[in-house]
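Data first, discussion second: the structure below is written as C-alpha coordinates.
The values are calculated or read from the model by the stated rules, or taken from the named source; none is laboratory data. Quick caveat, the model's predicted, so the values are computed rather than measured. Backbone-built Cβ (ideal geometry, glycine too); neighbour counts: all protein chains shown. In case anyone asks, the SASA skips ligands and DNA or RNA and just uses the protein heavy atoms, side chains included. Shrake-Rupley method; radii C 1.70, N 1.55, O 1.52, S 1.80 Å.
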Amino acid sequence: MKKLLAITLALMLALTMVAACDGGDGGNATPTPTNNPPAGGDNNPPAGGDNNPPAGGDNFDADRVIAVYTREDGSGTRDAFVNITGVGDDMYIEAVVMRETAQILTGVETSDYGIGYVSVGSLSAAVKALKIDGVTPSNDTIKDGSYALQRPFLLVVNDDKIDDELIADFIEFTLSKQGQETIGTTWTSSVDDQKDYAASGLTGVLKVGGSTSVEPFMNRLREAYIALNPGIEIEISGGGSGVGINEATEGVIDIGMSSRSLRDTEQHLNSFTIALDGVAVIVNKANPINEMTIEQVKDIFTGEITRWSGLS
(Lines give C-alpha, C1' and ligand atoms only; values in the text may rest on other atoms or scores of the structure.)
Protein backbone atom coordinates (compact mmCIF):
# COMPACT_ATOMS: atom_id res chain seq x y z
CA MET A 1 0.00 0.00 0.00
CA LYS A 2 2.79 2.41 0.92
CA LYS A 3 4.56 1.51 -2.32
CA LEU A 4 1.44 2.31 -4.39
CA LEU A 5 1.02 5.66 -2.65
CA ALA A 6 4.64 6.58 -3.37
CA ILE A 7 4.23 5.80 -7.06
CA THR A 8 1.06 7.95 -7.27
CA LEU A 9 2.78 10.93 -5.65
CA ALA A 10 5.72 10.62 -8.04
CA LEU A 11 3.43 10.69 -11.04
CA MET A 12 1.60 13.80 -9.80
CA LEU A 13 4.92 15.58 -9.26
CA ALA A 14 6.05 14.73 -12.78
CA LEU A 15 2.81 16.09 -14.34
CA THR A 16 3.18 19.35 -12.40
CA MET A 17 6.72 19.86 -13.74
CA VAL A 18 5.60 19.26 -17.35
CA ALA A 19 2.81 21.83 -17.03
CA ALA A 20 5.24 24.40 -15.64
CA CYS A 21 7.55 23.96 -18.64
CA ASP A 22 4.72 24.70 -21.10
CA GLY A 23 4.50 28.39 -20.13
CA GLY A 24 2.93 30.70 -17.63
CA ASP A 25 -0.51 31.24 -19.22
CA GLY A 26 -2.27 28.06 -18.26
CA GLY A 27 -0.20 25.86 -20.59
CA ASN A 28 -1.45 27.42 -23.88
CA ALA A 29 1.48 27.48 -26.29
CA THR A 30 1.62 30.42 -28.73
CA PRO A 31 0.20 29.27 -32.12
CA THR A 32 2.31 29.53 -35.25
CA PRO A 33 0.70 31.77 -37.93
CA THR A 34 -0.27 29.63 -40.92
CA ASN A 35 -3.13 31.61 -42.51
CA ASN A 36 -1.34 34.66 -43.93
CA PRO A 37 -2.73 35.42 -47.43
CA PRO A 38 -0.21 35.44 -50.28
CA ALA A 39 0.98 38.93 -51.19
CA GLY A 40 0.94 40.52 -54.64
CA GLY A 41 0.04 38.84 -57.92
CA ASP A 42 -3.62 38.69 -58.86
CA ASN A 43 -4.78 38.93 -55.25
CA ASN A 44 -5.17 42.71 -55.32
CA PRO A 45 -8.22 43.86 -53.37
CA PRO A 46 -11.04 44.99 -55.66
CA ALA A 47 -10.88 48.58 -56.81
CA GLY A 48 -13.32 51.05 -55.33
CA GLY A 49 -15.08 51.50 -52.02
CA ASP A 50 -13.41 51.94 -48.66
CA ASN A 51 -10.68 49.39 -49.36
CA ASN A 52 -8.78 51.63 -51.78
CA PRO A 53 -5.48 53.08 -50.67
CA PRO A 54 -5.35 56.84 -51.17
CA ALA A 55 -4.90 57.51 -54.88
CA GLY A 56 -3.71 60.45 -56.88
CA GLY A 57 -0.24 61.75 -57.65
CA ASP A 58 2.52 59.38 -56.62
CA ASN A 59 0.02 57.22 -54.72
CA PHE A 60 -1.91 56.14 -57.83
CA ASP A 61 -1.12 52.48 -58.45
CA ALA A 62 -1.36 51.94 -62.21
CA ASP A 63 -1.11 48.18 -61.71
CA ARG A 64 -4.49 48.09 -60.01
CA VAL A 65 -7.41 46.50 -61.83
CA ILE A 66 -9.71 48.98 -63.63
CA ALA A 67 -13.23 49.01 -62.18
CA VAL A 68 -15.49 49.32 -65.25
CA TYR A 69 -19.03 50.73 -64.91
CA THR A 70 -21.60 50.56 -67.73
CA ARG A 71 -25.29 51.18 -68.30
CA GLU A 72 -27.81 48.41 -68.88
CA ASP A 73 -29.04 47.06 -72.21
CA GLY A 74 -31.80 49.36 -73.46
CA SER A 75 -30.08 52.51 -72.20
CA GLY A 76 -29.76 55.15 -74.91
CA THR A 77 -26.47 56.29 -73.41
CA ARG A 78 -25.07 52.77 -73.64
CA ASP A 79 -26.41 52.36 -77.18
CA ALA A 80 -24.69 55.56 -78.35
CA PHE A 81 -21.48 54.74 -76.46
CA VAL A 82 -21.01 51.17 -77.75
CA ASN A 83 -21.86 52.14 -81.33
CA ILE A 84 -19.50 55.13 -81.54
CA THR A 85 -16.56 53.49 -79.73
CA GLY A 86 -16.94 50.16 -81.52
CA VAL A 87 -17.54 48.18 -78.30
CA GLY A 88 -20.73 46.79 -79.84
CA ASP A 89 -21.92 43.59 -78.17
CA ASP A 90 -18.48 42.85 -76.68
CA MET A 91 -18.93 44.69 -73.38
CA TYR A 92 -16.38 43.52 -70.77
CA ILE A 93 -17.89 40.61 -68.85
CA GLU A 94 -16.60 42.02 -65.53
CA ALA A 95 -18.20 45.44 -66.07
CA VAL A 96 -20.61 46.48 -63.31
CA VAL A 97 -24.02 47.25 -64.84
CA MET A 98 -25.90 50.29 -63.50
CA ARG A 99 -29.49 51.24 -64.34
CA GLU A 100 -29.26 54.97 -63.62
CA THR A 101 -26.93 57.82 -64.53
CA ALA A 102 -26.62 58.72 -60.84
CA GLN A 103 -25.36 55.20 -60.06
CA ILE A 104 -22.56 55.51 -62.63
CA LEU A 105 -21.52 58.87 -61.15
CA THR A 106 -21.50 57.49 -57.62
CA GLY A 107 -19.60 54.36 -58.66
CA VAL A 108 -16.78 56.34 -60.28
CA GLU A 109 -16.73 58.97 -57.54
CA THR A 110 -16.19 56.32 -54.86
CA SER A 111 -13.81 54.11 -56.85
CA ASP A 112 -10.29 55.51 -57.19
CA TYR A 113 -9.65 53.10 -60.09
CA GLY A 114 -13.07 53.32 -61.74
CA ILE A 115 -14.20 54.39 -65.21
CA GLY A 116 -17.67 54.94 -66.67
CA TYR A 117 -19.65 57.12 -69.07
CA VAL A 118 -22.55 59.54 -68.65
CA SER A 119 -24.35 62.31 -70.47
CA VAL A 120 -22.31 65.51 -70.64
CA GLY A 121 -25.41 67.26 -69.33
CA SER A 122 -25.31 65.10 -66.21
CA LEU A 123 -21.63 65.66 -65.34
CA SER A 124 -20.77 66.21 -61.70
CA ALA A 125 -17.82 68.14 -60.28
CA ALA A 126 -17.11 65.02 -58.19
CA VAL A 127 -15.71 63.15 -61.23
CA LYS A 128 -13.36 63.99 -64.11
CA ALA A 129 -14.41 63.99 -67.77
CA LEU A 130 -11.61 62.91 -70.12
CA LYS A 131 -10.59 64.43 -73.41
CA ILE A 132 -11.26 61.96 -76.24
CA ASP A 133 -8.78 62.04 -79.13
CA GLY A 134 -7.59 65.37 -77.74
CA VAL A 135 -11.05 67.02 -77.71
CA THR A 136 -12.81 68.20 -74.54
CA PRO A 137 -16.57 67.51 -74.38
CA SER A 138 -18.36 70.88 -74.49
CA ASN A 139 -21.30 72.60 -76.17
CA ASP A 140 -19.01 74.03 -78.84
CA THR A 141 -17.24 70.76 -79.68
CA ILE A 142 -20.56 68.89 -79.72
CA LYS A 143 -22.16 71.51 -81.99
CA ASP A 144 -19.27 71.58 -84.46
CA GLY A 145 -18.92 67.79 -84.44
CA SER A 146 -15.28 67.68 -83.30
CA TYR A 147 -16.20 65.74 -80.15
CA ALA A 148 -16.93 62.28 -81.51
CA LEU A 149 -19.01 60.85 -78.64
CA GLN A 150 -22.31 62.66 -79.19
CA ARG A 151 -25.95 61.73 -79.75
CA PRO A 152 -29.41 63.35 -80.09
CA PHE A 153 -32.07 63.81 -77.43
CA LEU A 154 -35.45 62.85 -78.86
CA LEU A 155 -39.10 63.06 -77.93
CA VAL A 156 -41.09 60.24 -79.54
CA VAL A 157 -44.84 60.06 -80.08
CA ASN A 158 -46.92 57.23 -81.51
CA ASP A 159 -48.97 57.85 -84.65
CA ASP A 160 -52.29 57.56 -82.82
CA LYS A 161 -51.35 60.47 -80.51
CA ILE A 162 -49.56 62.79 -82.88
CA ASP A 163 -52.67 64.95 -83.40
CA ASP A 164 -53.39 65.32 -79.68
CA GLU A 165 -53.66 69.06 -78.98
CA LEU A 166 -51.83 69.00 -75.65
CA ILE A 167 -48.98 66.81 -76.92
CA ALA A 168 -48.55 69.03 -79.98
CA ASP A 169 -48.51 72.17 -77.85
CA PHE A 170 -45.85 70.81 -75.51
CA ILE A 171 -43.60 69.79 -78.41
CA GLU A 172 -44.10 73.23 -79.97
CA PHE A 173 -42.96 74.79 -76.69
CA THR A 174 -39.95 72.44 -76.45
CA LEU A 175 -38.70 73.50 -79.90
CA SER A 176 -39.47 77.19 -79.34
CA LYS A 177 -37.12 79.96 -78.25
CA GLN A 178 -38.46 79.74 -74.68
CA GLY A 179 -38.10 75.96 -74.58
CA GLN A 180 -34.58 75.92 -75.98
CA GLU A 181 -33.53 78.58 -73.47
CA THR A 182 -34.04 75.99 -70.71
CA ILE A 183 -31.01 74.12 -72.12
CA GLY A 184 -28.74 76.83 -70.70
CA THR A 185 -25.09 75.77 -70.83
CA THR A 186 -25.80 72.15 -69.98
CA TRP A 187 -26.85 70.80 -73.38
CA THR A 188 -26.52 71.94 -76.99
CA SER A 189 -29.50 73.34 -78.86
CA SER A 190 -30.49 71.41 -81.98
CA VAL A 191 -32.99 74.00 -83.24
CA ASP A 192 -31.73 76.74 -85.54
CA ASP A 193 -35.09 78.35 -86.39
CA GLN A 194 -36.47 79.05 -82.92
CA LYS A 195 -39.92 80.66 -82.84
CA ASP A 196 -41.62 82.47 -79.97
CA TYR A 197 -44.18 80.45 -78.01
CA ALA A 198 -47.51 81.82 -76.77
CA ALA A 199 -49.28 80.22 -73.82
CA SER A 200 -52.08 77.92 -75.00
CA GLY A 201 -54.43 78.04 -72.00
CA LEU A 202 -54.91 74.26 -72.29
CA THR A 203 -55.57 71.98 -69.33
CA GLY A 204 -54.84 68.31 -68.80
CA VAL A 205 -52.16 65.77 -67.84
CA LEU A 206 -49.17 64.65 -69.89
CA LYS A 207 -47.31 61.42 -69.13
CA VAL A 208 -43.67 61.43 -70.21
CA GLY A 209 -41.09 58.70 -69.60
CA GLY A 210 -37.85 57.08 -70.72
CA SER A 211 -34.22 58.17 -70.85
CA THR A 212 -32.64 59.14 -67.53
CA SER A 213 -30.20 61.32 -69.49
CA VAL A 214 -33.05 63.37 -70.97
CA GLU A 215 -34.92 63.46 -67.65
CA PRO A 216 -33.04 66.44 -66.12
CA PHE A 217 -33.75 68.45 -69.30
CA MET A 218 -37.40 67.38 -69.17
CA ASN A 219 -37.69 68.55 -65.57
CA ARG A 220 -36.56 72.02 -66.67
CA LEU A 221 -38.98 71.99 -69.60
CA ARG A 222 -41.86 70.98 -67.32
CA GLU A 223 -41.17 73.84 -64.91
CA ALA A 224 -40.99 76.44 -67.69
CA TYR A 225 -44.02 75.08 -69.55
CA ILE A 226 -46.27 74.90 -66.48
CA ALA A 227 -45.28 78.45 -65.54
CA LEU A 228 -46.92 79.53 -68.81
CA ASN A 229 -49.74 76.96 -68.67
CA PRO A 230 -50.67 76.45 -65.00
CA GLY A 231 -53.66 74.25 -65.88
CA ILE A 232 -51.39 71.44 -67.13
CA GLU A 233 -49.69 68.69 -65.13
CA ILE A 234 -46.72 66.69 -66.44
CA GLU A 235 -45.81 63.34 -64.89
CA ILE A 236 -42.23 62.24 -65.60
CA SER A 237 -40.77 58.75 -65.13
CA GLY A 238 -37.37 57.28 -66.06
CA GLY A 239 -36.39 53.74 -66.92
CA GLY A 240 -34.16 54.29 -69.95
CA SER A 241 -34.63 55.02 -73.64
CA GLY A 242 -35.85 51.52 -74.43
CA VAL A 243 -38.57 51.81 -71.79
CA GLY A 244 -39.66 55.21 -73.12
CA ILE A 245 -39.86 53.96 -76.71
CA ASN A 246 -41.76 50.81 -75.74
CA GLU A 247 -44.22 52.63 -73.47
CA ALA A 248 -44.87 55.31 -76.11
CA THR A 249 -45.53 52.53 -78.63
CA GLU A 250 -47.94 50.78 -76.26
CA GLY A 251 -49.74 53.99 -75.28
CA VAL A 252 -48.73 53.73 -71.61
CA ILE A 253 -47.27 57.24 -71.84
CA ASP A 254 -47.95 60.17 -74.15
CA ILE A 255 -44.35 61.07 -74.98
CA GLY A 256 -41.23 58.94 -74.79
CA MET A 257 -37.74 60.30 -74.09
CA SER A 258 -34.81 58.78 -75.97
CA SER A 259 -31.10 59.57 -75.89
CA ARG A 260 -30.42 57.62 -79.08
CA SER A 261 -31.69 57.64 -82.64
CA LEU A 262 -34.61 55.41 -83.54
CA ARG A 263 -33.86 52.01 -85.02
CA ASP A 264 -35.37 50.66 -88.23
CA THR A 265 -37.92 48.68 -86.20
CA GLU A 266 -39.05 51.85 -84.40
CA GLN A 267 -39.90 54.02 -87.39
CA HIS A 268 -43.62 53.85 -86.55
CA LEU A 269 -42.87 56.58 -84.00
CA ASN A 270 -42.66 60.28 -84.74
CA SER A 271 -39.41 61.72 -83.38
CA PHE A 272 -38.40 65.30 -82.55
CA THR A 273 -34.77 66.20 -81.85
CA ILE A 274 -34.88 68.61 -78.94
CA ALA A 275 -31.15 68.87 -78.09
CA LEU A 276 -27.72 67.40 -78.74
CA ASP A 277 -25.62 65.83 -76.03
CA GLY A 278 -22.20 64.28 -75.62
CA VAL A 279 -21.29 61.08 -73.83
CA ALA A 280 -18.49 61.85 -71.38
CA VAL A 281 -16.00 59.18 -70.35
CA ILE A 282 -15.39 59.74 -66.64
CA VAL A 283 -12.77 58.67 -64.10
CA ASN A 284 -12.16 59.36 -60.44
CA LYS A 285 -10.67 62.80 -59.72
CA ALA A 286 -7.66 61.12 -58.12
CA ASN A 287 -6.75 59.47 -61.44
CA PRO A 288 -3.82 61.31 -63.11
CA ILE A 289 -5.05 60.38 -66.61
CA ASN A 290 -6.68 63.29 -68.45
CA GLU A 291 -7.34 61.93 -71.95
CA MET A 292 -7.70 58.77 -74.01
CA THR A 293 -8.16 57.76 -77.59
CA ILE A 294 -11.40 56.12 -78.68
CA GLU A 295 -9.39 52.96 -79.30
CA GLN A 296 -8.15 52.93 -75.68
CA VAL A 297 -11.71 53.44 -74.45
CA LYS A 298 -12.84 50.51 -76.57
CA ASP A 299 -10.03 48.30 -75.25
CA ILE A 300 -11.00 49.02 -71.63
CA PHE A 301 -14.70 48.41 -72.14
CA THR A 302 -14.12 45.17 -74.06
CA GLY A 303 -11.65 43.87 -71.46
CA GLU A 304 -8.57 44.04 -73.69
CA ILE A 305 -7.00 46.41 -71.14
CA THR A 306 -7.77 45.52 -67.52
CA ARG A 307 -5.16 47.56 -65.60
CA TRP A 308 -4.37 51.25 -65.84
CA SER A 309 -0.73 50.43 -66.64
CA GLY A 310 -2.00 48.89 -69.91
CA LEU A 311 -2.61 52.39 -71.32
CA SER A 312 1.09 53.29 -71.40
Checklist entry - Which FRET efficiency value, to the nearest 0.05, do you get for Leu202 and Thr273 by plugging their Cβ-Cβ distance into 1/(1 + (r/R0)^6) with R0 = 41 Å? => result 0.95
Item to check | Linear extension gain, Arg220 paired with Lys143, 0.36 nm per residue minus alpha-carbon span | outcome: 25.6 nm
Checklist entry - Spin-label point model (7 Å from Cα, Cβ direction): what's the Glu233 to Asp90 distance in nm? => result 5.0 nm
Checklist outcome for this item: For Arg220, the accessible surface traced by a 1.4 Å probe with all protein chains present amounts, in square angstrom to the nearest 10, to 90 Å²
Item to check | For a label point 7 Å along the Cα-to-beta-carbon line of Asp193, residues of the range 254-284 with backbone N under 17 Å | outcome: 272-274
Next on the checklist: Treating only the Cβ of Lys, Arg, Asp and Glu as charged (+1, +1, -1, -1), what charge dipole size does the range 57-181 show about its Cα centre? Round to the nearest 20 debye.
Outcome noted: 420 debye
Next on the checklist: Which residue, Ile171, Val135, Gly145, has the largest displacement toward the positive end of the dipole of the range 134-175 when charges sit on each Cβ (Lys, Arg +1; Asp, Glu -1)?
Outcome noted: Val135
Next on the checklist: Once each part is reduced to its C-alpha centroid, what is the distance from the range 120-173 to the range 235-312 in angstrom?
Outcome noted: 11 Å
Checklist entry - Counting only the backbone N, which residues of the range 222-246 are under 17 Å from the spot 7 Å out from the Cα of Glu165 toward its beta-carbon? => result 229-233
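Provide the FRET efficiency to the nearest 0.05 for the Thr306-Ala125 pair, computing r from the beta carbons and using R0 = 30 Å.
Plugging the Cβ-Cβ distance into 1/(1 + (r/R0)^6) gives 0.60.
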Next on the checklist: Using a Förster radius of 30 Å, what is the FRET efficiency between Lys285 and Thr249 based on their Cβ-Cβ separation? Nearest 0.05, please.
Outcome noted: 0.15
